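Everything below concerns the one structure shown next.
Rule-based calculations on the coordinates, nothing more; no lab input. Note that the structure is a prediction, hence the values are computed from the model and not measured. Here the Cβ positions follow ideal geometry from the backbone for every residue, glycine too, while neighbour counts run over all protein chains shown.
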């Protein structure tokens, strides 16, 4: 099984590409958007836009890279991308996404950092109903009231998702790139410290300071992110576990459930059935 190379090096390249063609320069209303379904393609150009973006995953999964982290939204999760943040997006083959663009100043949403949000059943229905509205909905009528309720519910949505912070230190950067591109690498932090000529204690401290995660947890998340597209492609769960560096299938299943709230089998079945 070939590894999926995921190192896009956003942090090393500050070039800014053109914004999404579908986003107007001026929003017709404070909230704008609809239903999108796209193939599994990383946008060729990194970009930023002056509006906040909420990309809600109904099926499949969505990944967003920024200079400081990688964010993953599984079904019933959404990625919030604040205005003017350089980012790049990848959607899985089976992804069904509803994207909203928001004028944060008009709406009073002050989130300045990217985050993954849990979408409640009520918020799901509000987003679904909004996607059926015309672009220039009536701000003062029932449509405007629906949007205000949507924003109220969004403002209190809890954070819940897979986030992989990216370190700035070049020594950690080399370790993380190695682990991200080779998820079956079982090298210990002690081995990396020997290779880099840095004490294990120093690397442990730097991991915690720069990512908020320990080395073991960072590698766990990187492996799980690698597993998602393989599961969606219908690979055998045992093969996926081995490709992600797990010696035990039960350990892979337990870790996957702990971080995502579902099992690898259920996640794969949901996407393969095209629900």
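Tabulated values for the structure
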{"read-out": "Hypothetical label at residue 263: residues of the stretch 203-238 whose amide nitrogen lies under 14 Å (7 Å Cα-Cβ projection)", "value": "237-238"}
{"read-out": "Relative contact order (%) - criterion: Cα under 8 Å, at least six apart; region: the stretch 168-272", "value": "25"}
{"read-out": "Mean ellipticity per residue at 222 nm, deg cm²/dmol - from DSSP H runs of n ≥ 4 across the chain, formula -39500 (n - 2.57)", "value": "-11500 deg cm²/dmol"}
{"read-out": "Label point distance in nm, residue 48-residue 84, each placed 7 Å from Cα along Cα→Cβ", "value": "0.7"}
{"read-out": "Relative contact order [Cα under 8 Å, 6+ residues apart], the chain, whole percent", "value": "18"}
{"read-out": "Of every Cα-Cα pair in the stretch 168-272, the percent that sits beyond 24 Å", "value": "29"}
{"read-out": "Helix 121-131 axis, angle to the chain major axis (alpha carbon atoms, nearest 10°)", "value": "60"}
{"read-out": "Cα-based Rg and Dmax for the stretch 67-106, where Dmax is the largest Cα-Cα distance (Å)", "value": "11.7, 34"}
{"read-out": "Between 0 and 90°, nearest 10: helix 249-260 axis offset from the chain longest Cα axis", "value": "30"}
{"read-out": "Reciprocal of mean inverse Cα separation for the stretch 59-210 (Kirkwood radius, Å)", "value": "18.1"}
{"read-out": "Helix 215-232 axis, angle to the chain major axis (alpha carbon atoms, nearest 10°)", "value": "60"}
{"read-out": "Linear extension gain, residue 177 paired with residue 242, 0.36 nm per residue minus alpha-carbon span", "value": "21.5 nm"}
